[in-house]
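J.: Let me give you the structure first, and then I'll get to my questions.
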Amino acid sequence: MSWTVALSTLGGYGLYWACLRRSSATRVASVLYLSPPITLLWAWAMFDEPLSWQMAAGMALSAVGIWLVVRAEARQADRDDRKPNHPTPR
């Protein structure tokens, strides 16, 4: 049991920090909202748990929220890329 605890704890935090190095904190935090829908789909596939329309609505809401965050971050990055790196003389 300690192997499972150590693996999931160290692996989870290690993956979290690796994601933070490659992406922004906003994007990594927003993707954490995928945990409930993934767990729901896993329970349906592995244990034949029934799916309801409320569950589907929750998954859709999570997906839309994540999409909005990622889209807003991409737009902000585009704006930052278009700004000149040096001040322009007036």
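Derivation of every value follows stated rules applied to the coordinates shown; laboratory data play no part. All values reported here derive from a predicted model rather than from experimental measurement. Neighbour counts are summed over all protein chains in view; Cβ atoms, including those assigned to glycine, are modelled from backbone coordinates with ideal geometry.
J.: For the residues 59, 1, what sequence is obtained by ranking on other C-beta atoms within 10 Å, fewest first?
T.: The fewest-first ordering by Cβ neighbours comes to 1, 59.
J.: Can you give the relative contact order of the chain as a percent, counting alpha carbon pairs under 8 Å and 6+ residues apart?
T.: Taking the mean separation of contacting Cα pairs over the length of the chain, I get 29 percent.
J.: Computed from these coordinates, which is volume of the Cα convex hull per residue in Å³: (i) 291; (ii) 90; (iii) 116?
T.: Here the calculated entry is (iii).
J.: Top mean-square fluctuation among 63, 25, 45, Gaussian network model of the chain, C-alpha springs under 10 Å?
T.: The residue with the greatest mean-square fluctuation here is 45.
J.: Show that you can apply the helix-only estimate: for the chain, add -39,500 (n - 2.57) for every DSSP H stretch of four or more residues, divide by all residues, and state [θ] at 222 nm to the nearest 500.
T.: -26500 deg cm²/dmol
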